[in-house]
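The values are calculated or read from the model by the stated rules, or taken from the named source; none is laboratory data. Fair warning: this is a prediction, and the values are worked out from it, not measured in the lab. Note that each Cβ is placed from the backbone with ideal geometry, even for glycine, and that neighbours are counted across all protein chains shown. Remember, those area values only see protein heavy atoms, side chains included, never the ligands or the DNA or RNA. Shrake-Rupley method; radii C 1.70, N 1.55, O 1.52, S 1.80 Å.
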Amino acid sequence: MAQFQSLPGFREFYPDALARRNHIFRLWRQTANTFGFQEYDAPVLEPLELYKTKSGDEIEAQLFSFTDKGGREVALRPEMTPTVCRLVGEKANSLKRPIKWFSIAEFYRYERMQKGRGRCFFQLNADIFGEPGVEAETELIAMLVQCFAGFGLTAEDFYVRLSDRNLWFYYLEALGLDEVRVRGMLSAVDRFEKLGDDAFKDYVTQFGALDEGVKAKVLAFLQIKSLAALETAVSGIPGDKLTARLADWRKLLGNLAAMGLGGFVEVDFGVVRGLAYYTGFVFEAFDRKGELRALAGGGRYDSLVGKLGYGEMPAVGFGVGDMTFALLLEQRGLTPAFVPTTDIYVVIGGEAERAAAFGDIFALRAAGFRVDYPLKDLAFGKQFKVAAESGAKLALIYGGDELAKGVVKIRVLGDRSEHEVPRDQVAAAVRDFFSGGAE
RNA sequence: GCGGCCAUAGCUCAGUUGGUUAGAGCACUAGAUUGUGAUUCUAGGGGUCGCGGGUUCGAAUCCCGUUGGCCGCCCCA
């Protein structure tokens, strides 16, 4: 039987699965629109070099990449960030600021599948370009929260952990680490939650034994869970940069609290996010039970547009994947039921009545009603059964008796009531039913 | 790239120490029911038992390989 299988890690969406996916996308799109973001789209296939420039040569092992017939090295997109940076960079001078854009798109990574991870997946990506201040972070974190809360998820279900690579940088510099060591230390911090003390192994291998005093301070810093603790930790360290940064923190947390989102956001310096292109605030969303992998991640990346060869452009963005998010909805029983797609089912007596029904069926469809009917003659009982299963609210009955009288019988499937209307008033009667919601 | 478990109908699964033509429920199609709905009854379609090889008189069953799936490690933009 199974002569051809789908490729490993790729998904097929049968209608009920696609209905669930569409429901998620619909709410995400609606939320993005209410936050004033504009939707864009871009190619699935990109030059391989775009990703190597951003992430380094090693990235190729994780990509679906090949040489096309023109000899070009290409790759299926594994993420949207480099692409959207190019879009913005190309037209930076003509775009109104702030640039608030989002997309819902499919991505491909050549990886081993796991729970919540496949070789293809969808992501909502939202980014703000051109705004260096925390006002941009405010918008994006608020929108991220609403993208979840819109489904009925609450602060009991998920939360956003907020951290700051800038502050980490300032702090580690103050401890006497140079830039290379700071980056090594940040990658240790990133892994500390999972590995514990072993997270420092790479650092020690690369830079030699770690001073116990420094290590103790790093461990204390990554356990910071509040603005007050943060202020205490840096209070002894001089410098305007640090003072200004603390002001940013107060403003951002104040903004989010003013939006009523305080319960969703937690200061957490254990988060720094792996790859190095983030330059400021970083954040990740997790389920409260801690059972799933990260639901969303984002942060500020002010230097990436410039790195790709365009003018400098401040930027903040986040991405939410569909797979882990769908798992969370399922866990909390918030997966929507399949929505029936029929408004009206037309019951047809036989071939003679079919011709009469066809005219009205087409007219009703043209008027925007979702109308279905049996393609071939069926017993009446069977047709009513199909009508009920279709989820239709109304059945229109085109039988020999009705047509002889010049009427159509309308049956309200919910309460099984019936009445007859003259044939030329069918459209009006149907419109009344659906606009009034009654009768 | 590494490790553990698994693979029988569209789905969930039975299938005895290796033994005749591989089963059930659900789902699907049709009939009972030629003008009125979720029940019931009956019938039907659908499987080269993931694929390939080996052992055997005989393999869904035992052995090897392979592909795929789930879970974990690495990674996670």
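Counting only residues that are buried (at least 17 other Cβ atoms within 10 Å of the Cβ), give me the strands (runs of 3 or more DSSP E) lying completely in region A:23-128 with at least 3 of them.
Working: elements: A:45-47, A:65-67, A:73-76, A:99-108.
Filter on region A:23-128 gives A:73-76, A:99-108.
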Conditions (1) in a loop (DSSP other than H, G, I, E, B); (2) over 30 Å from A:Arg332 (Cβ atoms): number failed by A:Lys225: (2)
Residues located in region A:231-281, provided they are in contact with a strand residue (DSSP E or B) (Cβ under 6 Å, 6 or more places away or on another chain) and farther than 27 Å from A:Ala188 by Cα: A:Leu256
Count of residues meeting criterion [over 28 Å from A:Asp164 (Cα atoms) and touching a Pro at 6+ places or on another chain (Cβ under 6 Å)] in region A:109-148: 0
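Among the residues of region A:29-48, how many are aliphatic (A, V, I, L, M) and either under 24 Å from A:Ile141 (Cβ atoms) or under 14 Å from the mean Cα position of the chain (by Cα) (or both)? Talk me through it step by step, then tell me what you get.
Taking region A:29-48 as the starting set, the residues that turn out to be aliphatic (A, V, I, L, M) are A:32, A:42, A:44-45, A:48.
Add one more test, that the residue is either under 24 Å from A:Ile141 (Cβ atoms) or under 14 Å from the mean Cα position of the chain (by Cα) (or both), and what stays is A:32.
Residues that pass the stated criteria total 1.
Conditions tested, residue by residue: (1) modelled with pLDDT of 85 or more; (2) hydrophobic (A, V, I, L, M, F, W, C); (3) within 20 Å of A:Val320 (Cβ to Cβ).
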| position | (1), (2), (3) |
| --- | --- |
| A:Arg29 | yes, no, yes |
| A:Thr34 | yes, no, yes |
| A:Phe37 | yes, yes, yes |
| A:Ala42 | yes, yes, yes |
| A:Asp57 | yes, no, no |
| A:Ala61 | yes, yes, no |
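Please verify whether A:Ala19 is open to solvent by less than 80 Å² (accessible area, probe 1.4 Å), within 30 Å of A:Ala149 (Cβ to Cβ) and not charged (D, E, K, R), treating the condition exactly as stated. Working first, answer last.
Values: open to solvent by less than 80 Å² (accessible area, probe 1.4 Å): yes; within 30 Å of A:Ala149 (Cβ to Cβ): yes; not charged (D, E, K, R): yes.
Yes.
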Filter pass, A:Phe384 being near RNA strand B (Cβ under 8 Å from one of its atoms), out of contact with any His (no Cβ under 6 Å at 6 or more places or on another chain) and free of Cβ contacts under 8 Å to residues at least 40 places away in the same chain: yes
Residue in region A:277-312 that is most open to solvent (accessible area, probe 1.4 Å), counting only those that are closer than 18 Å to A:Phe148 by Cα and in a loop (DSSP other than H, G, I, E, B): A:Lys289
Wholly enclosed helices (runs of 4 or more DSSP H) of region A:313-419 bearing at least 1 residues open to solvent by less than 60 Å² (accessible area, probe 1.4 Å) and within 30 Å of A:Glu137 (Cβ to Cβ): A:322-331
Residue that is farthest from RNA strand B (Cβ to nearest atom) [pool: residues in region A:315-374 that are in contact with a Ser or Thr (Cβ under 9 Å, 6 or more places away or on another chain), among the hydroxyl-bearing types (Ser, Thr, Tyr) and at pLDDT below 90]: A:Thr341
Residue within region A:117-132 that is among the β-branched types (Val, Ile, Thr), closer than 30 Å to A:Gly262 by Cα and either away from RNA strand B (no atom under 16 Å from the Cβ) or touching a Phe, Trp or Tyr at 6+ places or on another chain (Cβ under 7 Å) (or both) present: yes
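Criterion first (among the hydroxyl-bearing types (Ser, Thr, Tyr), more than 10 Å from RNA strand B (Cβ to nearest atom), under 25 Å from A:Ala126 (Cβ atoms) and in contact (Cβ under 8 Å) with a residue 40 or more places away in the chain) does A:Thr53 satisfy it? Explain how you work it out, then say what you get.
Details: among the hydroxyl-bearing types (Ser, Thr, Tyr): yes; more than 10 Å from RNA strand B (Cβ to nearest atom): yes; under 25 Å from A:Ala126 (Cβ atoms): yes; in contact (Cβ under 8 Å) with a residue 40 or more places away in the chain: yes.
Taking the combined requirement at face value, the residue satisfies it.
Look through A:Gln123, A:Gln114 and report the one residue that is farther than 16 Å from A:Met313 by Cβ and modelled with pLDDT under 95.
On the way: A:Gln123 fails: modelled with pLDDT under 95.
Within the list A:Gln123, A:Gln114, the selection yields A:Gln114.
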All positions within region A:214-236 that are in contact (Cβ under 8 Å) with a residue 24 or more places away in the chain and touching a Leu at 6+ places or on another chain (Cβ under 9 Å): A:Val214, A:Lys217, A:Val218, A:Phe221, A:Ile224, A:Leu227, A:Leu230, A:Val234
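Condition check: part of a helix (DSSP H, G or I), touching a residue at least 40 places away in the same chain (Cβ under 8 Å), surrounded by fewer than 23 Cβ atoms within 10 Å (Cβ to Cβ) and among the hydroxyl-bearing types (Ser, Thr, Tyr). Does A:Tyr159 satisfy that?
Values: part of a helix (DSSP H, G or I): no; touching a residue at least 40 places away in the same chain (Cβ under 8 Å): yes; surrounded by fewer than 23 Cβ atoms within 10 Å (Cβ to Cβ): yes; among the hydroxyl-bearing types (Ser, Thr, Tyr): yes.
The answer is no for A:Tyr159.
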